[in-house]
Amino acid sequence: MLAGRREWVGLAVIALPCLLYSMDLTVLYLALPQLSADLAPTSTQLLWITDIYGFLLAGLLITMGTLGDRIGRRRLLLTGAAAFGAASVLAAFSRSAEMLIVARALLGVAAATLAPSTLSLIRNMFLDERQRTVAIGIWIASFSVGAAIGPLVGGALLQFFWWGSVFLAAVPVMALLLVLGPVLLPEFRDPAPGRLDLASAGLSLLGILALIYGLKQIAAVGLGAGPLLALTVGTVLALAFVRRQLALAEPLVDVRLFRRAAFATAVTAMCVAVFLVAGTDFFLGQYLQLVLGKGPLEAGLLLLPGVGGLVAGSLLAPVVVRRLSGSLVLTAALAIAAVGAALLAGLGVASGLELLVLGTTLIGIGAGAVGTLATDFVVSAAPAERAGAASAITETGAELGGALGVAILGSIGAAVYRGDLASSAPNALSDAELDGAQASLAGAVDVAAVVPARVGANVVDAARTAFVHGLQVGALTAAGLAALLTLSTGFALRGRRRAPVPDPAASPPR
């Protein structure tokens, strides 16, 4: 059964909250200087202001996806949209750091309803395989566009208004969704949902929060007792969650889906694709500004081809799978991303812009195509009445992939940087100055500004060389991981177009 005009217009409505979902992850960073001057948060409060949105978003995706299956996906989407708009107003007019932290937390809870609700609606609105793949490609592209325009929209608003205006941009969009959603979006729910297991929801939330927190701490401060404890706790809770799902007659998530090669491989591919994008982006902003000396605007423009690649890959994948099998295209997309990461290993201290643009574009094309096809595999593999829970799994995998990319590649780059700088930094530096220079490339620039000019120039040269070496090792690590996954994906999915699609008539919507 082919979707008609109403479904395609409904898809455009669905794309709006997805765009805001990713915008809110990036739009805040430009506002931090004004926000800090106005609210005077402590360093710890500032970290919570920036991180709590992503923490709660990642931790609640599975619970919200399952909740949508039970109470209705449109109902959850519209409830989340209303909550997101209200929390945006609260954030915009916050009068203290504590108030803004609470508002950002509420935004994270509301945002967790958006991705699984919208994707599961697509699963039921587009029953034709080809149309659904195109719809998912547009859905994936909306996230990439949101991430790209977030800094641009934020910069434009901050040029004329106060820092809270970056949050108010969400209000008219959510208002439009609340008006058009009931008219254009159908309602779907599991006709026999069973009860929501609160213990499973708690294990899911706490386990993912602990894992994300541990990975972020590793990226920020390196390996230590605190991050390792958080990762251990998160792993234990995740294993307890899986065991509980296997024992329940009505689990929060059917983890047995991972026994299907297409499902498990697709989730892994999604995780690695985001790993590549987030992990390499962690280096490139610093490389452009602190190594090549580009300004923030120029650096942002040089990174836009990668975002364009993401959009192009997500939209081209549905076209290519009309001629080639989905498994072949997914494998080729991973290989393209691996080549892009390998090209970044050729960046140098004095040159590399061409390789950077080409490498990030290839990573974007590959990751965008993987996002579309992996999501299609996962959603198609799940029964229609559990599409919300399956949708949440892909989003959770993407969140973990991003955190892993920054933590692992960032840690590798930092270790190489510290080791190289320890042996190449000028002997004239004191122990405290050397420690400051080894903390980060920005730290080395700060140290260079307070020591004699000749010593400072040598510090900067040594630090830039060490940073680029760390970037190269990180890029090769990312490329190697993507290459290994390319081989395993090609083997696991050989001969498959996509996962078997359950008969929609077997579980009619209500």
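We did not get these values from a lab; they are worked out from the coordinates using the rules stated. Because the structure is predicted, anything quoted here is derived from the model rather than measured. Every residue, glycine among them, receives a Cβ derived from its backbone with ideal geometry; neighbour counts consider all protein chains shown.
Side notes on the structure shown:
- With the simple model of a label 7 Å out from the Cα in the direction of the Cβ, GLU98 to LEU353 spans 5.0 nm.
- Quotient of C-alpha Rg and 2.2 N^0.38 Å, computed over segment 232-312: 1.69
- Here is the tail figure for segment 154-301: Cα pairs spaced more than 23 Å apart come to 66 percent of all pairs.
- Dipole of the chain [Lys/Arg +1, Asp/Glu -1 at C-beta], most positive-end residue of GLN289, PHE93, VAL450: PHE93
- The Rg/Rh ratio of the chain, with Rg taken over Cα atoms and Rh as the Kirkwood radius over Cα pairs, comes to 0.97.
- For segment 260-498, the relative contact order comes to 34 percent (Cα pairs under 8 Å, sequence separation of at least 6).
- Pairwise label distance in nanometres, SER325 with SER430, each label 7 Å out on the Cα-Cβ vector: 6.6 nm
- In summary, the helical segments of the chain meeting the span-like criteria, namely a full DSSP H run, a Cα extent along the axis of 24 angstrom or more and a mean Kyte-Doolittle hydropathy of at least -0.5, are 5-39, 43-71, 73-92, 129-160, 198-221, 225-247, 261-286, 296-320, 326-344, 353-381, 387-404, 453-492.
- Evaluated at q = 0.08, 0.16 Å⁻¹: base-10 log I(q)/I(0), Debye formula over Cα of segment 1-196: -0.27, -0.97
- Its residue count N sets the reference 2.2 N^0.38 Å, and the alpha-carbon radius of gyration of segment 260-498 equals 1.14 times that reference.
- Value of [θ]222 nm, deg cm²/dmol, for the chain, DSSP H segments ≥ 4, -39500 (n - 2.57) each, nearest 500: -27000 deg cm²/dmol
- Computed magnitude of the charge dipole of the chain (debye, nearest 20; Cβ of K, R +1, Cβ of D, E -1): 1600 debye
- Charge dipole (debye, nearest 20) of segment 224-363; +1 at Cβ of Lys and Arg, -1 at Cβ of Asp and Glu: 540 debye
- The value obtained for segment 197-251, namely the Cα convex hull volume divided by the number of residues, is 52 Å³ per residue.
- Ellipsoid semi-axes for segment 318-455, based on the Cα gyration tensor and the rule √(5λ), read 44, 19, 10 Å when sorted largest first.
- Shape call, segment 92-195: gyration tensor on alpha carbons, a/c limit 1.5: prolate
- With contacts taken as Cα pairs under 8 Å at a separation of at least 6 residues, the chain carries a relative contact order of 21 percent.
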